[in-house]
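Worksheet: the structure to be examined is printed underneath.
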Amino acid sequence: MRSPRPFLALATIGCLSLLAGCGGGGFAGDSQERPSGGGQATVRMLVNITPNLTQAYWDGLVKPFEQANPGIDVKIEAPTGKGVADTLPQQLAAGNAPDVVETLTADETLAKQMLDLTDQPWAKDTPLAEQARLGGKIYTVGVGVQAQSLVFYNKKAFEKAGIDRPPATLDDFDAVMGKLKTAGWLPLQTGGEFLTGLQVLQLSNPSRAQTLPTWQQDVKAGKVKAGESLLPYLERYRTWIDKGYVDKNALGMKYADAETAFLSGKSAMYVMGSWFTASEAKSKKDFEVGVFPAPVDKGQRYPGPQGATMAAPYMILKSTPQKDAAIKLVQWLVTDPAAVKSQLKQDGNFRAGVEREFTPLEKQVQQILDGAPSGVPQGEGYGDATLPKGFNAAWNTEVQGLYVGKSPKEVAEGVDRWLAGRS
């Protein structure tokens with residue numbers, strides 16, 4: 001089992017190979033592949049589509065690569081299911097898998113379908129590549145690091161509610177929400193889709209990591225029950241619903257609408273990852289947004305460990321008929337300076353050694369990352385610290401049950417039943 005390393009070690013894996021990626025360089029290898037009709041190799045890339053990462057953005061991102069490599073055409077494909085995690089298995093089952101997939105990281109099941117990149121010299125220097133190794137091999141490479149356990153807040157709301165400092169403990173967090181509600185604000189913005197369960201995990205990371213630093217490994221080994229270990233946070237969250245600290249009808253709100261609601265001043269706090277800074281930078285509002293590390297349980301160190309995930313992870317399908325072109329594309333995406341900076345800026349992510357213009361809010365996030373004592377895998381995790389694929393979705397479904405009458409204990413038991421069926 002592998003304990004999480006200090007966050008600086010996570011974030012510093014980064015830019016030694018940036019210069020090597022300039023100009024769309026790649027590998028010829030020994031492949032006998034043939035380009036598709038007309039002498040053009042078409043690389044299909046399945047990507048995540050979000051308010052920041054639009055189809056137009058992706059098309060524009062790869063355009064310089066196509067110009068530098070006129071024999072390669074990159075076809076950006078949006079998910080046909082709820083997301084990439086739903087779409088890729090459907091495509092694999094239909095024998096219509098893409099050449100490159102973005103968003104997902106390799107687990108024991110996916111790794112069997114993915115190209116081993118361990119022998120590519122540029123791969124080991126990409127962010128979190130070493131931490132995401134699976135069985136000692138590199139299948140996933142990424143652009144940067146996402147901070148996960150962040151609470152963004154409306155400074156005007158805090159001032160009007162008489163709150164002079166962000167809360168450091170979860171008990172203080174409860175008290176702050178009470179003051180905000182009394183002052184006429186919706187204390188905490190949430191929503192439906194994947195958002196509900198994600199926020200609970202993001203909030204629990206810093207506390208859980210101090211009591212169970214190898215949580216994913218321990219759950220996988222049967223030493224710890226995931227739902228049972230997170231029951232105290234589910235119980236606390238249920239009180240927030242009961243007290244009106246979150247909207248009792250939140251499940252009907254989409255992720256993008258929840259983000260807009262916070263940025264339009266309808267709520268006081270919003271738990272989200274560092275990519276939110278990109279949306280905040282584009283928004284027009286009459287208040288300033290601040291950010292603080294997620295609070296921790298009473299008596300624990302604050303700030304606690306920061307949830308950390310690989311930003312813009314890429315994998316190459318082993319079945320690709322365009323192996324050399326796919327490798328060349330992925331290398332460019334994660335090492336070319338302009339491509340890296342573009343992706344970091346577009347989705348509010350970070351990478352040690354890469355200088356770009358930071359917004360005031362991004363500077364605050366960087367300070368939080370610098371001050372975090374360690375980084376921990378988020379949710380399903382990555383590498384050898386990985387829970388069964390689908391855990392995030394199953395957890396989210398169970399957490400949403402709190403809004404429709406399920407008790408925290410029932411939710412925890414539902415999570416543990418799901419995991420028991422996949423042990």
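The values are calculated or read from the model by the stated rules, or taken from the named source; none is laboratory data. Bear in mind the structure is a predicted one, so any value in this text is a computation, not a measurement. Cβ placement follows ideal geometry from the backbone for every residue including glycine, while neighbour counts extend to all protein chains displayed. Accessible surface is based on the protein model in full, side chains and every heavy atom, while ligands, DNA and RNA are left aside. Shrake-Rupley method; radii C 1.70, N 1.55, O 1.52, S 1.80 Å.
On a 29 Å Cα-Cα criterion, which of the cross-link pairs K223/K409; K137/K363; K160/K409; K82/K266; K254/K409 come out too long? Kindly include the intermediate steps, with their values, before the conclusion.
Values: K223/K409 19 Å; K137/K363 34 Å; K160/K409 37 Å; K82/K266 27 Å; K254/K409 26 Å.
Flagged as over cut-off: K137/K363; K160/K409.
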What FRET efficiency comes out for the pair K282/D370, r = Cβ-Cβ distance, R0 = 30 Å, nearest 0.05? 0.75
Using square roots of five times the C-alpha gyration tensor eigenvalues, list the equivalent-ellipsoid semi-axes of the range 56-100 in whole Å, biggest first. 25, 13, 6
For every other residue with a beta carbon closer than 12 angstrom to the beta carbon of F276, add +1 if it is Lys or Arg and -1 if Asp or Glu, then tell me the sum. -3
Neighbours of A183 by Cβ distance under 12 Å: Lys/Arg at +1, Asp/Glu at -1, summed charge +3
Ignoring ligands, DNA and RNA, please state the percent of accessible area on the chain from carbon and sulfur, probe 1.4 Å. 51
Over every pair of different alpha-carbon atoms in the range 200-279, take the mean of 1/r and invert it; report that Kirkwood radius in Å. 14.8
Pair T182, D116: separation of 7 Å Cα→Cβ label points (nm): 6.2
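Antiparallel DSSP bridges in the chain: what percent, to the nearest 5?
Values: 23 of 37 bridges.
Counting only bridges with both partners in the chain, antiparallel ones make up about 60 percent.
Give me the net charge of N48's neighbourhood, meaning all other residues with Cβ under 12 Å from the Cβ of N48; Lys, Arg count +1, Asp, Glu -1.
On the way: positive: K82; negative: E77, D86, E102, D347.
Here the charged neighbours net out to -3.
Take the alpha carbon atoms of the chain, find their radius of gyration, then divide it by 2.2 N^0.38 Å using N residues; give the quotient. If you can, show how the numbers build up before the last one.
Details: Rg = 21.4 Å, N = 423, 2.2 N^0.38 = 21.9 Å.
It is 0.98.
Rounded, prolate or oblate: which fits the range 213-328 when a ≥ b ≥ c are the square roots of the eigenvalues of the alpha-carbon gyration tensor, with rounded for a/c under 1.5 and prolate only if a/b beats b/c? Intermediate results must be reported in sequence, preceding the final value.
On the way: a/c = 1.97, a/b = 1.19, b/c = 1.66.
Verdict is oblate for the range 213-328.
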Note to self: C-alpha centroids of the range 192-259 and the range 324-365 sit apart, in Å, by 29
The range 62-159 accessible area per residue, 1.4 Å probe, protein heavy atoms, integer Å², reads 39
